[in-house]
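Okay, structure first, notes after.
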Protein chains: 2
Amino acid sequence: MRVVLATRNRHKIVELRRILAGAGLDVDLAGLDVFPDVPDVPETGATFAENALIKAHAVARATGLPAIADDSGIAVDALNGMPGVLSARWSGRHGEDRANLDLLLAQTGDVPDERRGAWFVCAAAAARPDGAERVVEGVLAGSLAHKPRGEGGFGYDPIFVPEGESRTTAELSPAEKDAISHRGRAFRALVPELRALLEG
Amino acid sequence: MRVVLATRNRHKIVELRRILAGAGLDVDLAGLDVFPDVPDVPETGATFAENALIKAHAVARATGLPAIADDSGIAVDALNGMPGVLSARWSGRHGEDRANLDLLLAQTGDVPDERRGAWFVCAAAAARPDGAERVVEGVLAGSLAHKPRGEGGFGYDPIFVPEGESRTTAELSPAEKDAISHRGRAFRALVPELRALLEG
């Protein structure tokens, strides 16, 4: 069975293949890079779950194959839970990790340690071309570092320190990150849902 | 009686003099431009009221005169009430009105009209050198425009449309703006509090 991963972000494709293989999902996973004609979908949802479902449905319709999608981001206490669904375009330019992270650090420059709480959120969705859908969420609690550290991961990983850790998520090994990450948790929870959807 | 306005923002000094004179306050108002040695205070409060009080107390202590201060900003529904207390440094650089406004427009570019609600908030505080204090708030509800319009006002005025208006606050005359604005409401409410403080 072939399933489409509704993303062109190569970091995400690598991470999701690794997580789903680790969770024992035995399907042929194709990234959107193999479907250059599928148009980009505007992510206009007010929540991560809405956006993940919008993307999964759009790709399932366009390809005629079951699709899985995620929408993830960082929520910062001192910003009332933002950047949230705007994480990937916080600086106003989509997908510019460094600009997004630098802006978040500049905005929270005066925020003291006791108010630097933050959490990573991932909504993982699956959709069939006929419209059937599932969506689940995973969360990783932590706090904002003052400066980027580490070369791993992507997005806000270099400035996020998980609860109980001293390293940022960019300083964890891929296996360490997958074990605790919002995306690891969400996609492991999605696997049984996806199986039910593929068999249903 | 001399009272210090705890701001170096010349737009704000002009606006506050106008509002306070209109409310019949008969004191000698000096801007911080007359006190070049008063150090800037970091605005680390989590609320507008906290920041207004921090500034009023710092200036009253430094000058030995009663001081009034405000902290104001724009709160956007789709950003969970942010930029909020970070309004003046939303782009990461303090006081760059155009950069702040452009970033807010870029972040909310995909937010549809029905979710573009926003409100201006102003906390106005007064403090005596001995530590006595008062603080009040004023609010103006409205929505975010898609593009800047108008040459008046400052800050986010060119992209804020008050409820019941079709013009932005930057397209209103100063008198029209003062009559409804968050800052007009807050400082008119502060006048009796300030009188009590000066007499007490």
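The values are calculated or read from the model by the stated rules, or taken from the named source; none is laboratory data. Remember, predicted model here, so these are calculated numbers, not experimental data. With ideal geometry, Cβ positions are generated from the backbone for all residues, glycine too; neighbour counts draw on all protein chains shown. Protein only, heavy atoms only, side chains kept; ligands, DNA and RNA dropped before computing areas. Shrake-Rupley method; radii C 1.70, N 1.55, O 1.52, S 1.80 Å.
Can you confirm whether A:Ala62 is surrounded by fewer than 19 Cβ atoms within 10 Å (Cβ to Cβ), assigned to a helix (DSSP H, G or I) and either more than 14 Å from chain B (Cβ to nearest Cβ) or of a type in the set (S, T, N, Q) (or both)? Judged against the criteria, A:Ala62 is a match.
When we screen B:Asp97, B:Asp157 for residues that are modelled with pLDDT under 95, acidic (Asp, Glu) and within 21 Å of B:Thr7 (Cα to Cα), the only hit is B:Asp97. Applying the condition of being buried (at least 18 other Cβ atoms within 10 Å of the Cβ) and at pLDDT below 90 to the stretch A:21-47 and asking which residue is farthest from A:Ala186 (Cα to Cα) yields A:Glu43. You will find that of B:Ser91, B:Ser87, the residue that is within 14 Å of B:Phe160 (Cβ to Cβ), small (Gly, Ala, Ser) and under 19 Å from the mean Cα position of the chain (by Cα) is B:Ser87 and no other. Any idea how many residues of the stretch A:129-174 are part of a loop (DSSP other than H, G, I, E, B), open to solvent by 50 Å² or more (accessible area, probe 1.4 Å) and either in contact (Cβ under 8 Å) with a residue 40 or more places away in the chain or touching a Gly at 6+ places or on another chain (Cβ under 8 Å) (or both)? Total satisfying the criteria: 7.
Yes/no per residue for (1) farther than 15 Å from B:Glu137 by Cα; (2) touching a residue at least 12 places away in the same chain (Cβ under 8 Å); (3) in a helix (DSSP H, G or I); (4) open to solvent by 40 Å² or more (accessible area, probe 1.4 Å):
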| residue | (1), (2), (3), (4) |
| --- | --- |
| B:Ala49 | no, yes, yes, no |
| B:Ala56 | no, yes, yes, no |
| B:Ile68 | no, yes, no, no |
| B:Ser72 | no, yes, no, no |
| B:Ala75 | no, yes, no, no |
| B:Val85 | no, yes, yes, no |
| B:His94 | yes, no, no, yes |
| B:Asp102 | yes, no, yes, yes |
